[in-house]
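Comments concern the structure below.
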Amino acid sequence: MKSAVIVFPGSNCDHDMFHALQIMGSEVEYVWHKTHDLSGFDLVALPGGFSYGDYLRCGAIARFSPIMQAVTHFAKSGKPVLGVCNGFQILVEAGLLPGALLRNENLRFVCKHVYLKPENRQTRFTRAIPDGQLLRVPIAHGEGRYLVDGDTAARLADNGQIAFRYANADGTGSANPNGSMDDIAGVFNAEGNVLGMMPHPERAVESLLGSEDGRYIFESLLSSN
Amino acid sequence: MKVAVKVKLKPSILDPQGKAVHQALQQLGFDAINGVRIGKFIELEVADSADPAERERQIEEATRKLLSNPVMEVFEIEAGEGESS
């Protein structure tokens, strides 16, 4: 299993993502956004950060970086693409995932651990998560309010495309940190091979970091090949 | 020539930034102001020599493709009056 971590100008979680993939057993390489080639890779990760300084809209400029054509091909060929935080924002701007990410309802940059309730454990990203397990992982974003129109939201739920919702420690609702529609923290594309999420699983892979729950996502991904 | 592109959040979408500014205006006593919504004003410098139809096409496409996001925003394009720099 060989993973690519795409590096945009302004990415700042690329090293975290590299480290997480590496300790979970993947061969990893950084891929600069100006390159065009993803041949030989089995997984592509778009890391968090502030690509292009979040100018215009988060992810709006990075979405037209040369590498994104290759990422789109990679995704269309059915291979797994994981976008975290700014990576998620880039994926929605690129149209590889539905919806948009807007400024947090409370206008704050929210940086804390949250609990995530997995909504579909039958995917290549989530299959290693035990039944009933919530994931405790950090969020760190100012623009994570997920929004889609009502029809699309219903379709996402029906298709099992909602990956995670924010929850309390006991799995109940009302823990929404940013005003996301229906507490949505992450979504899949219709085919289930692209996942975007605001929380950072790569920052929750060692007990030293306060949680190891992010490992379930990497375990799911790395065991599927 | 200069062309102004105004990009706004769709009316149905909550604008917390506008809301916060509105609250501040209320505290300052501007009680005639009932609401604030904040968008973007983008000024394009467009070649005067370009064919008008082609110019219009490019401005429109640029706005749809990059300057705005149709999922959450609407836009207006206003051609400027020859005040090019």
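Which residues belonging to segment B:9-26 lose at least 20 Å² of 1.4 Å-probe accessible area when the assembly is complete, relative to their chain isolated?
B:Ile13, B:Leu14, B:Pro16, B:Gln17
Please go through segment A:36-132 and write out the trypsin sites (Lys or Arg not before Pro) that DSSP classes as loop and that have at most 14 other C-beta atoms within 10 Å.
Here the sparse-neighbourhood loop sites are A:Arg108.
Check which residues have an amide H placed less than 5 Å from A:Arg165's amide H, if you skip close sequence neighbours.
HN-HN under 5 Å from A:Arg165: A:Lys117, A:Glu119, A:Ala185.
Percent of accessible area on segment B:2-79 owned by carbon and sulfur, 1.4 Å probe?
55 percent
Under 1.5 on a/c is rounded, so check that first for segment A:58-172, then, if it is not, pick prolate when a/b is larger than b/c and oblate when it is not; a ≥ b ≥ c are the square roots of the alpha carbon gyration tensor eigenvalues.
Oblate is the answer for segment A:58-172, as a/c is 1.5 or above yet b/c matches or exceeds a/b.
Hey, any idea what the orientation-averaged projected area of the convex hull of segment B:2-79's Cα atoms comes to, in nm²?
If you wrap the Cα atoms of segment B:2-79 in a convex hull and average its projections, you get 6.3 nm².
Give me the accessible area per residue for the protein assembly as shown, probe 1.4 Å, as a whole number in Å².
47 Å²
What figure, in Å² to the nearest 10, do you get for the accessible area of A:Lys34 with a 1.4 Å probe and non-protein molecules left out?
130 Å²
Using a Cα-Cα cut-off of under 20 Å, which lysines could be cross-linked to B:Lys10, ignoring same-chain neighbours fewer than 8 residues away?
Within the straight-line cut-off, B:Lys10 pairs with B:Lys19, B:Lys40, B:Lys65.
For chains B and A, what's the summed buried accessible area, probe 1.4 Å, to the nearest 100 square angstrom?
About 1300 Å² of accessible surface is lost on pairing.
If you plug each phi of segment A:200-213 into the Karplus form 6.51 cos²θ - 1.76 cosθ + 1.60 with θ = phi - 60°, what whole-Hz ³J(HN,Hα) values come out, in order, with x for Gly and Pro?
Values, residue by residue: 9, x, 5, 9, 9, 10, 9, 4, 4, 8, x, 6, 10, 5 Hz.
Can you grab the distance from the C-alpha centre of segment A:51-79 to the C-alpha centre of segment B:35-66, Å, no decimals?
Computed from Cα coordinates, the inter-centre distance equals 22 Å.
Please compute the length gained on full extension between A:His73 and A:Val110, using 0.36 nm multiplied by the number of residues separating them and subtracting their Cα-Cα distance.
In short, 10.0 nm is gained.
From the backbone phi of segment B:39-51, what are the Karplus-calculated ³J(HN,Hα) couplings (6.51 cos²θ - 1.76 cosθ + 1.60, θ = phi - 60°) in whole Hz, Gly and Pro given as x?
Working through the residues one at a time gives x, 10, 10, 10, 9, 9, 9, 10, 4, 5, 6, 5, 4 Hz.
Quick check: pseudo-label points 7 Å beyond the Cα along Cα→Cβ at A:Trp32 and A:Asn12, how many nm apart are they?
So the two model labels end up 2.2 nm from each other.
Just to be sure I understand the model, the point goes 7 Å from the Cα along the line to the Cβ. What's the resulting A:Ala190 to B:Met1 distance in nm?
Reported label-point gap for A:Ala190 and B:Met1 is 4.1 nm.
Shielding of A:99-108 by partners, i.e. mean partner chain Cβ atoms within 10 Å per residue?
Average neighbour count from other chains, rounded to a whole number: 4.
For segment A:185-225, which GluC sites (Glu not before Pro) are both in a DSSP coil and crowded by at most 13 other Cβ atoms within 10 Å?
Counting only loop positions with at most 13 other Cβ atoms within 10 Å, the GluC sites (Glu not before Pro) in segment A:185-225 are A:Glu191.
Just the number: Rg to Rh for chain A, Cα atoms, Kirkwood Rh, two decimals.
0.92
Within segment B:25-85, which GluC sites (Glu not before Pro) sit in a loop by DSSP and count at most 16 neighbouring Cβ atoms inside 10 Å?
Of the GluC sites (Glu not before Pro), the ones in loops of segment B:25-85 whose Cβ has at most 16 other Cβ atoms within 10 Å are B:Glu81, B:Glu83.
Lysine pairs in chain A with Cα distance under 27 Å, only those 8 or more apart or on different chains: how many are there?
6
The values are calculated or read from the model by the stated rules, or taken from the named source; none is laboratory data. These numbers were taken from a predicted model, which means no experiment stands behind them. Cβ: placed from backbone, ideal geometry, glycine included. Neighbour counts: every protein chain shown. Accessible surface areas use protein heavy atoms only, side chains included; no ligands, DNA or RNA. Shrake-Rupley method; radii C 1.70, N 1.55, O 1.52, S 1.80 Å.
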